[in-house]
1. How high is the FRET efficiency between Leu61 and Val17 when r is their beta carbon distance and R₀ equals 22 Å, given to the nearest 0.05?
2. Would you mind counting up the charge near Pro66? Only other residues with Cβ under 15 Å from its Cβ, with Lys and Arg at +1 and Asp and Glu at -1.
3. Taking θ as phi - 60°, what are the ³J(HN,Hα) couplings along segment 12-18 by the Karplus curve (6.51, -1.76, 1.60), each to the nearest whole Hz, with x for Gly and Pro?
4. Provide the gained length on full extension for the span Ala31 to Thr48, in nm with one decimal, where the gain is 0.36 nm per separating residue minus the Cα-Cα distance.
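Only the coordinates and a few stated rules stand behind these numbers; no lab work does. A quick note: this is a predicted structure, and the numbers were derived from the prediction, not measured. Neighbour counts run over all protein chains shown; Cβ positions are idealised from the backbone, glycine included.
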Amino acid sequence: MGTATRGDRRDADVIVVGGGAMGSAAAWQLAGRGLDVLLLERFELGHTQGASHGASRIFRLSYPDPLHIGLARRAGEFVAGARG
């Protein structure tokens, strides 16, 4: 079981289930728009159960927009540096 970070909450404007890449991004954007967001995640911070974890994940650089290609390259460099 996870630990609540804001006490025992019972209400929110929006409840986002899943704190992975997409759920976290959605919660962040909604909170940035002034909504009270409750983000629920089944596993602990830094777990290895998510779809974005593991060596078999694909890192794509084939985008039609050069801006996205540049961002993806920089992100890849950042991830490689974080792994050591």
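1. Numbers: r = 31 Å, r/R0 = 1.40.
Rounded to the nearest 0.05, the efficiency is 0.10.
2. Surrounding charge for Pro66 is +2.
3. These are the phi-based 3J(HN,Hα) values: 6, 5, 9, 10, 9, 9, x Hz.
4. 3.5 nm
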